[in-house]
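Scroll down for the structure; my scribbles are underneath it.
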Amino acid sequence: MNDLRRTLLWSVFAVSLLMLWDGWLRHSGQPSLFAPAPVVASAPASSGPGSSATLPTPSAALGTPGAAVPAEGAASAPVVPQSELITVTTDVVKATFDTLGGSLVKVELLQHRAQDDFKQNMILLNRTAGHTYVAESGLIANTGLPNHKTPFTVLSTERVLADGAQDLVIKMASAPVAGVQLVKTFTLHRGNYAIDVKQEVVNASAVAVSPQLYVQLVRDGTVPTAEGPTMIGAPQAYLGGAFYTGEAKFQKVEFAQIEKNEAEFQKSADNGWVAVVQHYFTAAWLNNTQTAREFYARKLDVNLYAMGMLFPVGEVAPGQTKAIDTQLLVGPQEEVKLAELAEGLELVKDYGWTHLMAKPLFWLLNWLHSLLGNWGWSIVALVVLLKAAFYWLNASAYRSMGKMKALNPRIQAMRERLKDKPQEMQQEMLKIYREEKVNPIGGCLPILIQIPVFIALYWVLLSSVEMRNAPWIGWITDLSIKDPYFVLPALMTLSTLLQTWLNPTPPDPLQAKMMWIMPLLFSVMFFFFPAGLVLYWLTNNILSIAQQWMINRQLGVTK
């Protein structure tokens with residue numbers, strides 16, 4: 001039985017070490033042990049003028065069969081389209097619109113710092129020579145209509161959210177194409193990352209038109225350097241597209257699948273949204289009305305992809321105007337706010353297989369933060385509550401280990417006396433366990449039962465944007481990155497060694513040495529963990545040591 005207990009413990013240690021090593025490989029940008037290395041693509045092409053990107057092909061289900069797709073840059077009016085960047089600012093974002101297409105081409109998050117430079121704000125959407133991530137929209141029909149290459153004129157003058165104002169409105173109208181104008185009205189709200197987007201089709205021509213409205217996110221597949229994979233397969237290390245419908249629910253679409261034309265997702269529904277997901281942040285086009293729509297994902301150019309939705313506008317008679325209301329979210333994955341915006345939107349923060357346990361744990365963590373106002377102390381308080389919930393289970397485990405520790409001298413003497421008689425030694429050991437009413441695996445099973453809960457909390461801390469740039473005390477100014485002075489990992493190592501000292505010493509000298517080496521190897525990895533995770537493990541260790549020490553005192557066990 002004792003051999004079974006040791007085998008179980010070493011198996012847990014070995015798997016943990018393997019997972020930690022895989023996490024370190026992913027963290028340092030190397031291929032995972034459990035997944036193929038990502039394909040490194042060349043620099044992305046721009047989605048601006050001159051790009052080979054084309055508009056989405058309309059479907060017979062939602063538009064006129066055989067509707068023509070306008071060639072890239074084939075808008076009417078000016079022969080040489082003019083591009084002007086218009087920047088507007090609220091309390092949470094600085095957004096830049098391009099009048100060529102009326103597209104949102106840059107979003108700076110004013111309340112989130114860049115992970116690689118705390119002096120700079122986090123930039124989510126952007127269009128540069130080496131990176132493309134923009135939100136576009138336009139019309140398609142049998143004949144050419146205003147699209148994301150058509151010049152727009154800005155009709156509003158406000159550029160900054162005024163003191164006391166709740167909304168900032170940016171309105172722009174396209175140049176007429178075949179007598180049809182597209183008028184876009186962006187309404188940015190105070191304290192909100194979701195932008196209301198009203199798109200009006202104005203038919204000043206002499207004939208009726210039946211266009212489709214497309215909204216799409218265009219992005220290259222390059223992983224952001226500072227926001228790349230974290231430790232141990234964190235779910236929000238995922239970078240790619242996501243679709244949601246009430247029937248198919250949350251569907252991930254990786255850029256590699258789009259590249260190979262192997263993306264599988266529900267193509268049409270009367271509800272749902274489309275998003276591009278990366279660690280901590282997301283951009284999404286939303287429409288919460290029950291109206292027909294078609295979803296698409298396609299490759300536009302080398303390492304450049306588009307994911308979007310098509311909506312039927314219906315027939316617009318001469319002199320008539322029709323509008324479609326959507327929302328464009330560009331911001332952090334704040335779980336509570338995402339759930340309020342659209343059904344299933346909170347799933348962009350993916351907890352993987354721990355979802356059922358992680359959701360309530362995050363709710364509890366968020367509630368503690370509402371009381372304490374500090375995410376670091378909220379982590380400490382959450383671990384305290386979890387340890388209290390598992391107090392009697394842990395007490396049973398530590399009591400079993402304490403009894404094993406008390407029996408160690410007797411077992412050592414017996415092993416020495418019967419070292420040449422292994423069968424008799426095993427029988428004598430079982431006899432001792434029966435007489436003393438000790439279960440050799442009693443200290444292991446209660447701990448194993450708790451592992452899924454603590455793994456779920458682990459993923460919560462890795463996935464939550466709330467930890468990003470969140471200070472704790474003194475030198476810990478960001479719980480999502482490693483301790484700059486390694487104080488917490490050093491304390492973590494000391495606490496691990498102390499816990500090892502409190503545990504029963506294996507009779508086998510080699511196993512006894514490994515019992516010290518394995519925790520040291522395990523602790524070394526914590527020097528590269530985000531501070532919030534180390535704080536979680538350190539708090540757990542300290543509480544475990546305190547409980548184990550008290551139980552050993554009750555049992556009269558001394559070293």
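The values are calculated or read from the model by the stated rules, or taken from the named source; none is laboratory data. Note that the coordinates shown come from a computational prediction; the quantities given were computed from them, not determined experimentally. Here the Cβ is made from the backbone with ideal geometry for all residues, glycine too, and neighbour counts use every protein chain on show. We work out accessible area using only protein heavy atoms, side chains counted, and drop any ligands, DNA or RNA first. Shrake-Rupley method; radii C 1.70, N 1.55, O 1.52, S 1.80 Å.
Structure data summary
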item: Per-region count, the range 74-100, residues touching a strand residue (DSSP E or B) at 6+ places or on another chain (Cβ under 7 Å) and at pLDDT below 95; result: 7
item: Residue in the range 506-529 that is open to solvent by 20 Å² or more (accessible area, probe 1.4 Å), in a loop (DSSP other than H, G, I, E, B) and at pLDDT 90 or above present; result: no
item: Criterion violated by VAL154 - all others in (1) open to solvent by 20 Å² or more (accessible area, probe 1.4 Å); (2) more than 30 Å from VAL207 (Cβ to Cβ); (3) of a type in the set (Val, Ile, Thr); (4) modelled with pLDDT of 95 or more satisfied; result: (2)
item: Checking GLY240 against (1) farther than 23 Å from ILE324 by Cα; (2) out of contact with any helix residue (DSSP H, G or I) (no Cβ under 9 Å at 6 or more places or on another chain), the condition it does not meet; result: (2)
item: Filter pass, ALA470 being modelled with pLDDT of 75 or more, surrounded by 16 or more Cβ atoms within 10 Å (Cβ to Cβ) and assigned to a helix (DSSP H, G or I); result: no
item: Residue pairs meeting the criteria (Cβ under 9 Å; at least 6 apart or on separate chains; first touching a residue at least 60 places away in the same chain (Cβ under 8 Å), in the range 203-214; second acidic (Asp, Glu) and surrounded by fewer than 17 Cβ atoms within 10 Å (Cβ to Cβ)); result: ALA208/GLU315; VAL209/GLU315; SER210/GLU315
item: Qualifying strands (runs of 3 or more DSSP E) (wholly inside the range 129-182; at least 2 residues being under 35 Å from the mean Cα position of the chain (by Cα) and among the polar types (S, T, N, Q)); result: 132-140
item: Some residue of the range 353-365 being over 18 Å from LEU461 (Cβ atoms) and assigned to a helix (DSSP H, G or I); result: no
item: Qualifying residue in the range 112-129 (condition: open to solvent by 30 Å² or more (accessible area, probe 1.4 Å), touching a Leu at 6+ places or on another chain (Cβ under 7 Å), closer than 21 Å to GLY331 by Cβ and not aromatic (Phe, Trp, Tyr)); result: yes
item: Count - residues of the range 408-436 that are free of Cβ contacts under 8 Å to residues at least 60 places away in the same chain and among the aliphatic types (A, V, I, L, M); result: 5
item: Index of the failed condition, THR326 passing every other in (1) of a type in the set (Val, Ile, Thr); (2) touching a helix residue (DSSP H, G or I) at 6+ places or on another chain (Cβ under 8 Å); (3) farther than 17 Å from ILE455 by Cα; result: (2)
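Condition check ((1) assigned to a helix (DSSP H, G or I); (2) in contact with a Ser or Thr (Cβ under 8 Å, 6 or more places away or on another chain); (3) at pLDDT below 75) across all residues:
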{"site": "ASN394", "(1), (2), (3)": "yes, yes, yes"}
{"site": "GLN412", "(1), (2), (3)": "yes, no, yes"}
{"site": "GLN426", "(1), (2), (3)": "yes, no, no"}
{"site": "ILE451", "(1), (2), (3)": "yes, no, no"}
